[in-house]
2 protein chains.
Amino acid sequence: MAQAKSELFKEELSVTARYFKALAHPARVQILQFLAKSKSCITGDISDELPLGRTTVNQHIKELKKIGLITGHIEGVKTKYCLDPKGVTELKKVLQLFIEELDVKDYCCD
Amino acid sequence: MAQAKSELFKEELSVTARYFKALAHPARVQILQFLAKSKSCITGDISDELPLGRTTVNQHIKELKKIGLITGHIEGVKTKYCLDPKGVTELKKVLQLFIEELDVKDYCCD
DNA sequence: AATATTTGACGTATATTTGCGTCAAATAAA
DNA sequence: TTTATTTGACGCAAATATACGTCAAATATT
């Protein structure tokens with residue numbers, strides 16, 4: 001009985017909320033920022049960077065993949081994780097729009 | 001055994017993720033945007049605007065209050081809901097910083 | 001005073017998230 | 001070929017989130 005109502009909202013709202021949800025955990029924020037800061041793809045265990053077990057980190061990575069923010073190509077034994085520039089650009093666009101819509105400049109409380 | 005590890009992350013990451021989490025539902029995004037678009041406080045049942053029951057909407061409002069994005073003063077029988085400019089400004093700052101850190105311009109995948 | 005409206009608090013049921021252990025497939029190294 | 005490494009898939013248990021019904025307190029209305 002919980003949730004299943006999300007599709008009753010306008011598509012744009014759902015898209016925005018879905019991105020927010022994908023980033024609603026510090027591990028996922030950190031993974032994204034780690035990849036961004038490295039300025040390149042990462043081969044090796046990303047879980048070394050986080051205070052969580054490998055399996056758990058993998059699950060967060062999976063979620064970020066699912067929403068299209070990162071990709072992972074197999075490279076021999078290791079996997080190469082990259083930001084997905086397309087998804088990231090889309091995310092930034094959505095966030096930017098959200099920020100602009102939340103204009104509070106001439107907000108008056110009578 | 002689930003979660004309780006969030007405090008193992010750096011405070012800034014947690015703050016960012018907490019904001020994302022607060023917006024991780026279309027209802028909450030819509031409530032914020034509704035208040036922003038009205039350019040003023042709203043007296044009356046916000047749940048009229050959403051495809052959800054009143055109790056449920058109230059719960060989402062409560063979460064937005066908890067994180068400091070909206071306020072609600074009692075005004076006679078009704079309650080006046082407002083954006084909290086301070087919280088909103090802080091949110092926008094956090095989001096803006098997140099976007100900037102996610103620079104993908106000179107991201108190279110070798 | 002009695003009644004109606006409005007809204008938060010509380011409880012409940014279901015769904016999802018989180019965190020992790022274990023296992024199996026795939027490749028590298030011996 | 002045997003033995004490590006690496007990583008995704010699967011499943012489990014606990015915690016949270018979601019959605020809502022019901023109730024009670026507070027203020028208006030009659």
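Structure notes:
- Residue check, residue A:50 among the aliphatic types (A, V, I, L, M), in contact (Cβ under 8 Å) with a residue 12 or more places away in the chain and within 13 Å of DNA strand C (Cβ to nearest atom): yes
- Reported count of residues in segment B:53-78, each being assigned to a strand (DSSP E or B), near DNA strand C (Cβ under 9 Å from one of its atoms), open to solvent by 70 Å² or more (accessible area, probe 1.4 Å) and of a type outside the set (D, E, K, R), is 1.
- For the residues A:94, A:88, the requirement of being over 10 Å from the mean Cα position of the chain (by Cα) and part of a helix (DSSP H, G or I) singles out A:94.
- Test set (1) more than 11 Å from DNA strand D (Cβ to nearest atom); (2) among the polar types (S, T, N, Q); (3) farther than 23 Å from residue B:99 by Cα; (4) free of Cβ contacts under 8 Å to residues at least 24 places away in the same chain - residue B:43 fails condition number: (4)
- Residue in segment B:95-102 that is surrounded by 15 or more Cβ atoms within 10 Å (Cβ to Cβ), at pLDDT below 90 and under 30 Å from residue A:42 (Cα atoms) present: no
- The requirement of being more than 16 Å from residue A:107 (Cβ to Cβ), of a type in the set (Lys, Arg) and touching a residue at least 12 places away in the same chain (Cβ under 8 Å) is fulfilled nowhere in segment B:10-17; no residue meets it.
This table checks each residue for (1) facing chain B (nearest Cβ under 8 Å); (2) farther than 30 Å from residue B:34 by Cα.
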position	(1), (2)
A:52	yes, yes
A:62	no, yes
A:72	no, yes
A:78	no, yes
A:85	yes, yes
A:88	yes, no
A:102	yes, no
A:106	yes, no
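- Some residue of segment A:98-109 being of a type outside the set (Ser, Thr, Tyr), assigned to a strand (DSSP E or B) and touching a residue at least 24 places away in the same chain (Cβ under 8 Å): no
- Some residue of segment B:88-95 being touching a residue at least 12 places away in the same chain (Cβ under 8 Å) and within 16 Å of DNA strand D (Cβ to nearest atom): no
- Qualifying positions in segment A:1-50 - loosely packed, with under 15 Cβ neighbours inside 10 Å, in a loop (DSSP other than H, G, I, E, B) and more than 7 Å from chain B (Cβ to nearest Cβ): A:1, A:2, A:3, A:4, A:10, A:44, A:45
The values are calculated or read from the model by the stated rules, or taken from the named source; none is laboratory data. Note that the structure is predicted; figures quoted are calculated from it, not measured. So basically every Cβ, Gly included, is an ideal-geometry build from the backbone, and we count neighbours across all protein chains shown. All accessible areas refer to the heavy atoms of the entire protein, side chains included, with ligands and DNA or RNA removed. Shrake-Rupley method; radii C 1.70, N 1.55, O 1.52, S 1.80 Å.
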